[in-house]
Amino acid sequence: MNTKFFILIFVLFAFVSYSQGQTQQDSINTMQQNQVSEQQKQITEAQLLEIPIYKLFPTENYWTFIKLDTRNGKMWQVHFTISSDGYQGELTLNSRSLVWSEEDEINGRFTLFPTKNMYNFILLDQIDGRCYQVQWNSDSSKRFVERIY
């Protein structure tokens, strides 16, 4: 009977030790996964900070830049002046997003390329390759953004 009792105690002890070890191992795995997830989140946030949401692109006109929201393709014509009687401000080139949803907005998705014509740029969606002709002008009837097919 002592042998059976000893075997029973040994089996119970082994079972309890194994289950505690398993619980500790699960806790360690969960902690490691949380640390990896936190590190990935920090890397992603750092990358987002490195790629600006807004960029200014110079035109051949000394007083005019194009401001681009690199996430969604919205654009403004930005004018500055050094005299008190000159014009400064922003004129809308494109007020609508060129992506389907906010989830598709990614910093750096859109960029502008100048052309030989000082009033025209090519807007490139660097994810899906769509191109747009962007024409800036002080005259609102001559400003537009059109998809190039």
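The values are calculated or read from the model by the stated rules, or taken from the named source; none is laboratory data. These numbers were taken from a predicted model, which means no experiment stands behind them. As a convention, Cβ positions derive from the backbone with ideal geometry for all residues, glycine included, and neighbour counts pool all protein chains shown. Please note that ligands, DNA and RNA were not included when accessible areas were found on the heavy atoms of the full protein model with its side chains. Shrake-Rupley method; radii C 1.70, N 1.55, O 1.52, S 1.80 Å.
Data overview
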read-out	value
Selected residue (criterion: surrounded by the fewest Cβ atoms within 10 Å (Cβ to Cβ)) from residues of the range 52-101 that are aliphatic (A, V, I, L, M) and over 20 Å from ILE122 (Cβ atoms)	ILE82
Residues being closer than 15 Å to GLN135 by Cβ and of a type in the set (A, V, I, L, M, F, W, C) - total across the range 49-64	1
Check on ILE127, over 24 Å from GLU60 (Cβ atoms) and of a type in the set (A, V, I, L, M)	yes
Looking only at the range 102-149, and only at residues there that are open to solvent by less than 40 Å² (accessible area, probe 1.4 Å) and either aliphatic (A, V, I, L, M) or free of Cβ contacts under 8 Å to residues at least 12 places away in the same chain (or both), the one that is nearest to LYS55 (Cα to Cα)	LEU112
